[in-house]
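Where a number appears in this text, it was derived from the coordinates with a stated rule and is not lab data. Values in this document were obtained by computation on a predicted structure and should not be read as measured data. All Cβ positions, glycine included, derive from the backbone under ideal geometry; neighbour counts span all protein chains shown.
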Amino acid sequence: MIEARGAALLYHDHGREVYACRDIGLRVSEGEFLGILGPSGSGKSSLLYMLSGLKTPTSGQVLVDGIDLASLGDEARSRLRLERFGFVFQHPHLLGYLTALENVVLGASGSGDRLVEAENRLSRLGLGDKMHRLPHELSGGERQRVCVARALMGSPEAIFADEPTAALDHANGHAVVDMLRQERGGGALVMVTHDPSMLDGADRIVTLVDGCLGEAAVAARPGIEPGTC
Amino acid sequence: MATRESRRRLATSKQTRSLARPLVASTFLFRNAGKTIPLVAVIVLAVMLISGIVAMIDSIPLSIRTIYRYSQQMVGITPRGDPAQTPIIRDRIEKEAPVPLERVMVCRATGAQVRSIVGKWPFVVLGLAREDMTYYLDRMGSRGINGRLPETGKAEALISEPVARNLGLRKGSLLLGPVQDGAYSPEEVRVVGIADTDEWLMFTPIEYQRAHHFPPIDVLLVFAENLPDQAKLDNWAVKAFKGERAQVFVYQELERDTQDMFKILYKILNVVIATLVLVITLMMAMLMNIYQSQRLPEYGLLQALGYTRRQLLSRAFGETLVVVVGGWVLGLLVAYSLLLVVRAQLMTPQAFALDPLDRMAFIYTIPIPVAILAAGALTVWSRFRRFDPVSVVERRLV
């Protein structure tokens, strides 16, 4: 479904060329829970942004259903993200002047009864009684749950979660990951984290070190696959 | 009961609509009143200021046109250098006038003054024969007289209602007199009647002016039979007596002189208004830039979620449009209300002219929304040009 072929992301830092990630060969299958594990600064988030179309690889390709994302215009890539993908970011980004319910509604595009779905999503995530509250009236864990509900809107084909538990305590972090796993339906879940305990139940885990899918972690844990750096 | 239920349903459906479309402009603008109100208030004040200034300046030529509007009804002709020319001129007019004439009046004229917001202006006090007084009042649309007509040969005057208001005169008040600055007469001429008409007029008996006023020149007032023909008659008189021993007074000349007189003033006004619009636009652009900067996390998040640049641009532009057009319309309404109050409290009691619905004042405010909208659009566009949503979701920008 989503495939990276020799994808690399190069940026310039004070005239110096730095690879956020390079020569990535990776495939995300339908319904798969893929964990991307790596230390801070290893390029996990950059890889996630490339896979989700938020960043365009400077070399190589990212294909979605065989279509190179780089060949799509900004508008088509945006539409792809809104209609087929869901996102949970490291920080619970919500619009401060919208209620929890309204923030969740933003997660899906125009047609269909978004409101009913948003209400259902929030209720299933235990926020049925707080859906009309503004973000500042919610706790950090609740805000991240709202973000999860937003990501689940429209039953996306893939959910990209970038360290969704980083700003939460351990218990809340696990709760959020469990919700993502359980509520995603048939959609794939690609989750980036530096905490291996958050990837319990992942179908596959790859590691990233210095921008490369590395073999070092293979030995560290069964089921963790090396990449092709 | 049914009404309450239908109201409840309507409210629920409205709420549902707004919940289902949280990105509509009104949601942000109403829920961020602390930001919206200052923006709207600046526009309202700017529109109020500009339309107020223009309307007040426009009130000067409007006053000129209002005060001297009576001259639209006639052409005035005085002999030059030789008082004996009057019957000759009259004879020529009666023979050669290109339109049917209703009346040619022989009268005298002396001067008084009326007040305006920029000082005192001269105004003619006609000396009319008794039989011409009634005709003149009819022609000026008089609906009646509070008092009576001046008696033949007596030191008495009739004025119209706006003149009475302007000079604070009532029946028995002194209009002309030996110690009246700018309204001299050797005897005290008192008001005996106030005509109920919107036109400005003052007259005394012709015999009184012939006996007491200088110069001893009979003036001709020529009235076309049909008012629409008056302009044609005026134009003819101006051409026919050019270079002759006669001076012609027509309304069009007054209009032309007024326009010439105010041309420079309006040029200065254009510069002032342009500067004001520039200052306001810069201020608004700065405010909008600050507000847009504060909203970058919002734009970044929405773009990351999959809202297109075009959607976000049109949303930001829509919000700007609502603020600018709302502020402009509100500003016009407030300006109109204030001008109504100014007119009622300050202008009308002294018969000063002011048009709260001044078209020019309205037109002068148009650059405000246009310039602010352009500045707002430019600000938003420049913000979006090289905007990377990842910088927001990674919290590098916030």
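A simple spin-label model places pseudo-atoms 7 Å from Cα toward Cβ; at B:ILE37 and B:LYS232 they are separated by 6.3 nm. Comparing A:GLU102, A:GLU75, A:GLU32 in a Gaussian network model of chain A (Cα springs below 10 Å), the most mobile by mean-square fluctuation is A:GLU75. Using R0 = 45 Å, the C-beta based FRET efficiency linking B:LEU346 and B:ILE88 works out to 0.40.
Report, in debye and to the nearest 20, how large the dipole of region B:56-210 comes out about its Cα centre when Lys and Arg carry +1 and Asp and Glu carry -1 on their Cβ. Intermediate results must be reported in sequence, preceding the final value.
Values: 20 positive and 19 negative charges, 40 e Å.
Approximately 200 debye in magnitude.
Relative to the longest principal Cα axis of chain B, at what angle does helix B:296-305 sit, 0 to 90 degrees, rounded to 10? Here the helix axis deviates by roughly 50 degrees. Expressed in units of 2.2 N^0.38 Å, where N is the residue count, the Cα radius of gyration of region B:186-271 is 1.51. In the elastic network of chain B, a GNM with C-alpha springs shorter than 10 Å, the most mobile of B:VAL370, B:VAL191, B:VAL125 is B:VAL370.
Volume per residue for chain B equals 221 cubic angstrom (convex hull of Cα atoms).
Given C-alpha coordinates of region A:17-103, what is the ratio Rg to Rh with the Kirkwood estimate of Rh? Rounded to two decimals, Rg/Rh equals 0.99. In whole angstrom, how far apart do the alpha carbon centroids of region A:159-177 and region B:24-69 sit? Spelled out, the Cα-based centre of one part sits 53 Å from the other. With a cut-off of 19 Å, note down the residues of region A:56-79 whose backbone N falls inside the zone around a label point 7 Å from the Cα of A:GLU17 toward its beta carbon. Within reach of a label on A:GLU17: A:56-61.
Counting pairs of alpha carbon atoms under 8 Å apart in space and at least six apart in sequence, what relative contact order in percent does region B:134-254 give?
Details: 175 pairs, mean separation 32.4, N = 121.
Worked out over region B:134-254, it gives 27 percent.
Show that you can apply the helix-only estimate: for chain B, add -39,500 (n - 2.57) for every DSSP H stretch of four or more residues, divide by all residues, and state [θ] at 222 nm to the nearest 500. Let's see the in-between values first.
Working: 14 runs with 227 residues, N = 398.
Roughly -19000 deg cm²/dmol at 222 nm, from the helical runs in chain B.
Ranking B:ALA304, B:ILE273, B:GLN345 by how far each Cα lies toward the positive end of the dipole of region B:273-377 (charges on Cβ) leaves B:ALA304 at the top. The charge dipole of region B:21-100, taken about the Cα centre with unit charges on the Cβ atoms of Lys, Arg (+1) and Asp, Glu (-1), comes to about 520 debye, rounded to the nearest 20. For region B:203-361, the mean projected area of the C-alpha convex hull, equal to one quarter of the hull surface, is 17.9 nm². Ordering A:ILE159, A:ILE205 from the fewest to the most neighbouring beta carbons within 10 Å gives A:ILE205, A:ILE159. Think of the protein assembly as shown as a dipole: +1 on every Lys or Arg Cβ, -1 on every Asp or Glu Cβ, centred on the Cα centre; then among B:THR78, A:LEU54, A:LEU189, B:THR78 lies furthest on the positive end.
Axis angle, to the nearest 10 degrees, between helix B:367-385 and the longest C-alpha principal axis of chain B: 20 degrees.
Cross-link reach is defined here as a Cα-Cα straight distance under 25 Å, omitting same-chain residues fewer than 8 places apart; for B:LYS154 the lysines meeting it are B:LYS171.
In chain A, the calculated helix contribution to ellipticity at 222 nm averages -8000 deg cm²/dmol per residue, counting -39,500 (n - 2.57) for every DSSP H run with n ≥ 4.
Spacing of the modelled spin labels on B:LEU313 and B:ILE217, each 7 Å from Cα toward Cβ, amounts to 7.0 nm. The Cα center of region B:299-363 and the Cα center of region B:151-229 differ in position by 47 Å. Comparing B:GLY193, B:GLY141, B:GLY81 in a Gaussian network model of chain B where C-alpha atoms under 10 Å apart are linked, the largest mean-square fluctuation is found at B:GLY81.
Here the protein assembly as shown is treated with +1 on each Lys and Arg Cβ and -1 on each Asp and Glu Cβ, and its dipole about the Cα centre works out to around 560 debye. Candidate cross-link partners of B:LYS239 among the lysines, defined by an alpha-carbon separation under 19 Å and a same-chain spacing of 8 or more, comprise B:LYS95. Sequence-distant contacts, meaning Cα pairs under 8 Å at least 6 residues apart, place the relative contact order of chain A at 28 percent. Full extension of the segment from A:SER71 to A:SER123, taken as 0.36 nm per residue of separation minus the current Cα-Cα distance, would add 14.8 nm. Normalised by the number of residues in chain B, the average gap of Cα pairs under 8 Å and 6 or more apart makes the relative contact order 26 percent. The value for the protein assembly as shown of Rg(Cα) / (2.2 N^0.38 Å) is 1.62. By the rule of a C-alpha distance below 25 Å, with chain neighbours fewer than 8 residues away ignored, the lysines paired with B:LYS35 are B:LYS14.
Compute the length gained on full extension between B:TRP381 and B:TYR135: take 0.36 nm times their separation in residues and subtract their Cα-Cα distance, giving the result in nm to one decimal. Walk me through the intermediate numbers first.
Values: separation 246, 0.36 × 246 = 88.56 nm, distance 6.88 nm.
Length difference between fully extended and current span is 81.7 nm.
Modelled spin-label separation between B:GLU225 and B:VAL325, with each label point placed 7 Å from Cα along the Cα-to-Cβ direction: 5.4 nm. Ordering A:LYS130, B:LYS239, B:LYS232 by the number of other Cβ atoms within 10 Å of each residue's own Cβ, fewest first, gives B:LYS239, B:LYS232, A:LYS130.
Tell me, what is the FRET efficiency for A:HIS136 and B:ARG69 to the nearest 0.05, using R0 = 51 angstrom and their Cβ-Cβ distance as r?
Details: r = 65 Å, r/R0 = 1.27.
Efficiency at R0 = 51 Å is approximately 0.20.
First measure r as the distance between the Cβ atoms of B:MET261 and B:GLU188, then evaluate 1/(1 + (r/R0)^6) with R0 = 41 Å and state the FRET efficiency to the nearest 0.05.
Working: r = 35 Å, r/R0 = 0.85.
Step by step, r from the Cβ atoms, then E = 0.75.
Among beta bridges identified by DSSP and lying wholly in chain B, the antiparallel ones come to about 75 percent.
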